[in-house]
Amino acid sequence: MDSNQKQTIPPVIRKDRQLKYTGTILKMYEDTVIANGHEAHWDFIHHDGAAAVIPVTDDGKLLMVRQYRNALDRETLEIPAGKLDDPKEPKIECASRELEEETGFYCEHLEYLMSLNTTVAFCDEAIDVFVARNLVPSKQHLDQDEVIYVEAWSLEDLEEMIFSGKITDAKTVAAITAYGRKYRK
């Protein structure tokens, strides 16, 4: 088959969606679908969306945040990110807010880098990623339950950690890889 030839996928029809759980950042549903002529039950998680930012220092280092992630029961090194305060909040505003809250820096202009969906098999979370330059010192505004350390890293060291499996957060892997592809000197 020619790699440019598109195959037709049989339609999947959603018959029903039942809310099973509402949490602080997501809603879990059970969908009843007709797939390939058979009724099936699929899990679906709705997320209102998020934004992330790659803060770049004047000397070209990328500011990363180190924090504990309960789902993994360990610390992770990630780009700053957070959920939208409201589903209609512009993602660039969310990214700007998260930049200052998590790193203690702000900037006047964010540049759009990319959009991504984190886990397409069962969740609709969509994240827009921005690049922040000309950072101005401010102060962190962490939630009471947040402990975040800010660290400056070279692009090359971050890429090495991605390819060695030390950084596994999907948004961070995608964003750092895209940033490197677009801005490598």
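The values are calculated or read from the model by the stated rules, or taken from the named source; none is laboratory data. Treat the numbers as computed from the prediction; the structure is a model and nothing was measured. As a convention, Cβ positions derive from the backbone with ideal geometry for all residues, glycine included, and neighbour counts pool all protein chains shown. Accessible surface areas use protein heavy atoms only, side chains included; no ligands, DNA or RNA. Shrake-Rupley method; radii C 1.70, N 1.55, O 1.52, S 1.80 Å.
At-a-glance table
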quantity	calculated
Gain upon complete extension [Asn70, His41; 0.36 nm per residue less C-alpha separation]	7.6 nm
Estimated 222 nm signal from helices in the chain, with DSSP H stretches of n ≥ 4 weighted -39500 (n - 2.57), rounded to 500	-6000 deg cm²/dmol
(1) 15.8, 47; (2) 17.0, 60; (3) 19.0, 58, with the label sought being that of the calculated Rg and Dmax of the Cα atoms in Å	(3)
Compactness of the range 5-52 - radius of gyration and Dmax, Cα, Å	14.2, 43
Highest-fluctuation residue, Asp43, Asp31, Asp73 considered, GNM on the chain with Cα pairs under 10 Å	Asp73
Val120 - accessible surface, heavy atoms, 1.4 Å probe, Å² rounded to 10	120
Rg/Rg_globular for the range 29-73, with Rg_globular taken as 2.2 N^0.38 Å and Rg from C-alpha atoms	2.12
Gaussian network model of the chain, Cα within-10 Å springs - most flexible of Val53, Val129, Val12	Val12
³J(HN,Hα), Karplus 6.51/-1.76/1.60, whole Hz, each residue of the range 55-71, x for Gly, Pro	x, 10, 6, 4, 8, x, 6, 9, 7, 10, 10, 9, 8, 7, 10, 4, 4
Charge dipole (debye, nearest 20) of the chain; +1 at Cβ of Lys and Arg, -1 at Cβ of Asp and Glu	520
The range 66-113 - Rg (one decimal) and Dmax (whole number), Cα, Å	12.3, 35
Extension gain (nm, one decimal) between Asp59 and Ile34, 0.36 nm per residue minus Cα-Cα	3.5 nm
Residue among Asp85, Asp145, Asp58 with the largest mean-square fluctuation in a Gaussian network model of the chain, springs linking Cα atoms under 10 Å	Asp145
Spin-label model distance (nm) - Leu26 vs Thr168, 7 Å beyond Cα toward Cβ	1.6
